[in-house]
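No value in this document is a laboratory result; all are computed from the given coordinates. Worth saying up front: this structure is predicted, and the values here are computed from it rather than measured. Note that each Cβ is placed from the backbone with ideal geometry, even for glycine, and that neighbours are counted across all protein chains shown.
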Amino acid sequence: MARKIIIDTDPGQDDAAAIFLALASPETLSVLGITTVAGNVPLARTSENARIVCEWAGKPETRVFAGCDAPMQRALVTAEHVHGKTGLDGPANLPKPKIALQDQHGVDFIIDTLRAEPAGSVTLCTLGPLTNIGTAFAKAPEIIARVAEIVMMGGAYFEVGNITPAAEFNIYVDPEAADIVFKSGCKLTVMPLDVTHKALTSPARVAALRDLGTTAGIAMADMLDFFERFDVEKYGSAGAPLHDPCVIAYLLRPELFDGRHINVMIETKSELTLGMTVADFWGVTDRTPNALFMQDVDADGFFALLTERLARL
């Protein structure tokens, strides 16, 4: 039986890769819906982008719900400097989606779904700031115990920060929401920058996607041609890190990843280190482990999986 998931996302080129990967794997993953959140770009744009990606995937039946347009307690910080004005910069002509947004608010969809489905049967896959999840948990705390697992892209330890010296973007945008999630008691699996910075594109890997000749493969290659210029210029890396599809790849092939069950806390007070994931990687405190914090990925296996699944779309 396919694992039931909700994808919470702020597309983002790498979010698009994650959505493609999930929608191409229906025998393993049943996407109950996609909820969008403000993050890489504002909510109106992320909600449009999610629907465009579903159409590129040939899955117009996928339900998309717009969620929160701002963090729980802070002004929104976005990342057009990375993802471009649209969030999906790269393709020559970004289409207008034909899929309609669902009327229900994304947070209410999360709450209602977790109440309706059997307890422990729905996994939350978070690819952006945790605003929708933190808001849902604050609004309906009884749903927390019904979550099977949260698999998230966010945080860092050895790689430290990519939006400030201390913080990864998704956590930094809404640290209060992240604090709620990490303190929730839910089963947490975290894909930090330590892992995603090892899942780098290369000319050969992008070419393999383009050579699929499909709408999804060509769109993904076009997006990556744009996306990788930021990290190549900033870090001098060989390509772009595909952060968000690590979440979906873990659900499909957990053996590709390696990590450690540790305690992770979120800094919400310090101006200097706001949004830092304080990861007790070496067990120097007596704080109870609350997250499986990944450290490594088989990059060749990851890209082989991505290419194989996009070939299905």
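Miscellaneous remarks
For every residue, the table says whether it meets (1) touching a Phe, Trp or Tyr at 6+ places or on another chain (Cβ under 7 Å); (2) surrounded by 23 or more Cβ atoms within 10 Å (Cβ to Cβ).
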position	(1), (2)
A57	yes, yes
T62	no, no
G67	no, yes
Q73	no, no
E80	no, no
T86	no, no
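- One residue from A50, A57 being within 29 Å of F226 (Cα to Cα) and either free of Cβ contacts under 8 Å to residues at least 12 places away in the same chain or over 17 Å from the mean Cα position of the chain (by Cα) (or both): A57
- Counting the residues of the stretch 268-306 that are among the polar types (S, T, N, Q) and either under 19 Å from the mean Cα position of the chain (by Cα) or assigned to a strand (DSSP E or B) (or both) gives 2.
- Scope the stretch 79-93; condition within 21 Å of the chain's Cα centre (by Cα), assigned to a loop (DSSP other than H, G, I, E, B) and free of Cβ contacts under 8 Å to residues at least 60 places away in the same chain; matching residues: K85, T86
- Residue within the stretch 15-22 that is acidic (D, E) and over 27 Å from E228 (Cβ atoms) present: no
- Hey, L224 hydrophobic (A, V, I, L, M, F, W, C), within 23 Å of N93 (Cα to Cα) and in a loop (DSSP other than H, G, I, E, B) or not: no
- In the set T36, T62, T28, T113, only one residue is within 16 Å of the chain's Cα centre (by Cα), closer than 27 Å to R146 by Cα and among the hydroxyl-bearing types (S, T, Y); that residue is T36.
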